[in-house]
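Shown next, in structure tokens, is the structure this report addresses.
Any read-out appearing in this document is the output of simple, stated calculations on the displayed coordinates, not a laboratory observation. In this text the structure is predicted, and so the values were computed from the model without any measurement. Every residue, glycine among them, receives a Cβ derived from its backbone with ideal geometry; neighbour counts consider all protein chains shown.
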Amino acid sequence: MGEKLKDYKINIKLRLGALWTSLLFCYIYGDYFELYVPGKTQGILSGSSMLATPVKLLTASIVLLIPSLMIFASVLLKPFINKWLNIVIASLMGLITLLVGLVSFSEWRIFYVIYAFVETIIAIIIVYQAWHWRKTSRV
């Protein structure tokens, strides 16, 4: 009872990559569950959905491509650019997600609001983690 387990320190790059992965999964699941909202699938099949033009579809694809690439970037980029890229992109994505959540209040989209809330919290954590990236000590 009360056995102590070793807690390993996780590198900031891995933490950021894991946070971006979690954020991306939330985006994917939110969009997947939206397919169950009445009328959504019919709109997709009839071409009258929110993404019914090539430009809108391209824009949505680029917006979701960004967190996908941030998983990779957070692990491989040099610290200075990594820190600021995480702060800027997570701030923008968090703001977009918050706005989407605020305009999604309806009986059938309350799940979307919950996802938006969690996604915004994850984005805030990314900004916080990147902002507090420790500097190396000069010897």
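If you take the residues of region 1-29 that are in contact (Cβ under 8 Å) with a residue 24 or more places away in the chain and either among the small types (Gly, Ala, Ser) or assigned to a loop (DSSP other than H, G, I, E, B) (or both), which of them is farthest from GLU119 (Cα to Cα)?
GLY17
Can you work out which of the residues in region 1-26 that are among the aliphatic types (A, V, I, L, M) and closer than 24 Å to TRP133 by Cβ is surrounded by the fewest Cβ atoms within 10 Å (Cβ to Cβ)?
Filtering region 1-26 for residues that are among the aliphatic types (A, V, I, L, M) and closer than 24 Å to TRP133 by Cβ, the one surrounded by the fewest Cβ atoms within 10 Å (Cβ to Cβ) comes out as ILE10.
Whether any residue in region 83-93 is under 11 Å from the mean Cα position of the chain (by Cα), hydroxyl-bearing (Ser, Thr, Tyr) and over 30 Å from LYS135 (Cα atoms) is what I want to check.
No; the residues of region 83-93 include none that is under 11 Å from the mean Cα position of the chain (by Cα), hydroxyl-bearing (Ser, Thr, Tyr) and over 30 Å from LYS135 (Cα atoms).
Evaluate the following for ILE125: is it touching a Leu at 6+ places or on another chain (Cβ under 8 Å) and either within 21 Å of LEU24 (Cβ to Cβ) or surrounded by fewer than 17 Cβ atoms within 10 Å (Cβ to Cβ) (or both)?
Judged against the criteria, ILE125 is a match.
Among the residues of region 27-53, which ones are surrounded by fewer than 10 Cβ atoms within 10 Å (Cβ to Cβ) and closer than 21 Å to ILE96 by Cα?
Matches in region 27-53: TYR32, LEU35.
Of the residues VAL37, VAL63, which single one is in contact (Cβ under 8 Å) with a residue 12 or more places away in the chain, among the aliphatic types (A, V, I, L, M), assigned to a loop (DSSP other than H, G, I, E, B) and within 24 Å of PHE117 (Cβ to Cβ)?
VAL37
Before we move on, is VAL75 surrounded by fewer than 16 Cβ atoms within 10 Å (Cβ to Cβ), touching a residue at least 40 places away in the same chain (Cβ under 8 Å), outside any helix (DSSP H, G or I) and not charged (D, E, K, R)?
Spelling it out, it is not the case that VAL75 is surrounded by fewer than 16 Cβ atoms within 10 Å (Cβ to Cβ), touching a residue at least 40 places away in the same chain (Cβ under 8 Å), outside any helix (DSSP H, G or I) and not charged (D, E, K, R).
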